[in-house]
Amino acid sequence: MIKSMTGYGGAKGTFGKLEISVEIKSVNNRYLDCSVKIPRVYIAFEEPLKSLVSKNISRGKVDVFVSLDSSNADDVEIKLNRTLAESYITTLREMAEEYGLTGDISAIELTRFSDVLRAEKKEADTDRLCADIASVLEEALLGFEQMRIREGEKLRDDIASRLVAIEKLSAMVEEISPRSVLEYKKKLETRMLETLQSTNIDEARILTEAAVFADRVAINEETVRLGSHIAQLRDMLNSTEPIGRKIDFLVQEFNREANTIGSKGNDAEMSRVVVDMKAEIEKIREQAQNIE
């Protein structure tokens, strides 16, 4: 199936009291260019997440946005600096004895001194956290893939309709080409009659000239190759593999045949048909830029 390179997917997950959100956005690009936006404290997770993306996407500029909300998490613990607290207590008692002060030292009073108590985040299980983020990313990728497939179906239908149009235009040039040879033969006879001013013209010479002209303007080979390219592209449209680059290459062959047909054409009607054919080919080329 055809997949578009443009898409969007998002997912959220809750793990304990930690909330993880992942968004994926992609646009056209010649190759895969993946960027992961994640808080710097989790920068080590960037490569594993990129690897997961590359298993699902082969082409496009992909941006992955990861956010973590731990505001409700109980991952903070209070630690007592025992050495410092004991130093404060010893010093305060010495002051009380030396200056004749009274009163016991309370815990509340002790906490007023800086660094006696400090809040620290609990050490996280990084492997577990990375796996949790990856699971949310996988869910986001599912929605992302579905959107790309829907867009790809539209691209496939559009390209298929262009192929039908090119086939009709190819049939038209095949019909026009013999007529142009007959018209050339009639014009040649008229010119020879006017030049020689006689009804006794060399019919064999006219037939020879017409045959040479017919060979020069014959477009059978080009239309046969064009038909082969159309059949090949139709097969590609049913492929399950990424085909964007292949279509891009094949479209160059379409253009080559159309240009040759145009160079062989010698009347206005064929020129108009070839212009229409090249317009359809160009539209296919533009759509190929959106296909993975």
Worksheet item: Looking at segment 37-55, is at least one residue in a strand (DSSP E or B) and more than 11 Å from the chain's Cα centre (by Cα)?
Response: yes
Item to complete: Inspect all residues belonging to segment 257-266 and state whether any of them is surrounded by 17 or more Cβ atoms within 10 Å (Cβ to Cβ), assigned to a loop (DSSP other than H, G, I, E, B) and at pLDDT below 95.
Response: yes
Worksheet item: Only one residue in Tyr42, Tyr88, Tyr31 is of a type in the set (Phe, Trp, Tyr) and over 30 Å from Met147 (Cβ atoms), so which one is that?
Response: Tyr88
Practice prompt. Can you confirm whether segment 155-175 contains a residue that is at pLDDT below 90, touching a helix residue (DSSP H, G or I) at 6+ places or on another chain (Cβ under 6 Å), in a helix (DSSP H, G or I) and not hydrophobic (A, V, I, L, M, F, W, C)?
Written response: yes
Worksheet item: Which residues, counting only those in segment 56-78, are among the charged types (D, E, K, R), in a strand (DSSP E or B) and modelled with pLDDT under 95?
Response: Asp69, Glu77
Discussion item. Residues that are polar (S, T, N, Q), part of a helix (DSSP H, G or I) and closer than 27 Å to Leu18 by Cα: does segment 81-102 have at least one?
Written reply: no
Worksheet item: Any idea which of Glu286, Glu269 is at pLDDT below 90, out of contact with any Leu (no Cβ under 7 Å at 6 or more places or on another chain) and either part of a helix (DSSP H, G or I) or assigned by TED's automatic domain parsing to the domain that holds Ile219 (or both)?
Response: Glu269
Discussion item. I'd like the residue in segment 128-155 that is of a type in the set (D, E, K, R) and closer than 29 Å to Ile43 by Cα and, out of all such residues, is surrounded by the fewest Cβ atoms within 10 Å (Cβ to Cβ).
Written reply: Arg128
Fill in: Leu84 being outside the structural domain of Glu19 (by TED's automatic domain parsing) and modelled with pLDDT under 95
yes
Discussion item. So in segment 42-57, with the set limited to residues that are in contact with a Cys (Cβ under 9 Å, 6 or more places away or on another chain) and not aliphatic (A, V, I, L, M), which one is surrounded by the fewest Cβ atoms within 10 Å (Cβ to Cβ)?
Written reply: Ser54
Worksheet item: Out of curiosity, is Ser26 within 26 Å of Ala288 (Cα to Cα), of a type in the set (Gly, Ala, Ser) and in a strand (DSSP E or B)?
Response: yes
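The values are calculated or read from the model by the stated rules, or taken from the named source; none is laboratory data. Every value quoted in this text rests on a predicted model; they were computed, and no experiment measured them. Note that we place each Cβ from the backbone using ideal geometry, even for glycine, and neighbour counts take in every protein chain shown.
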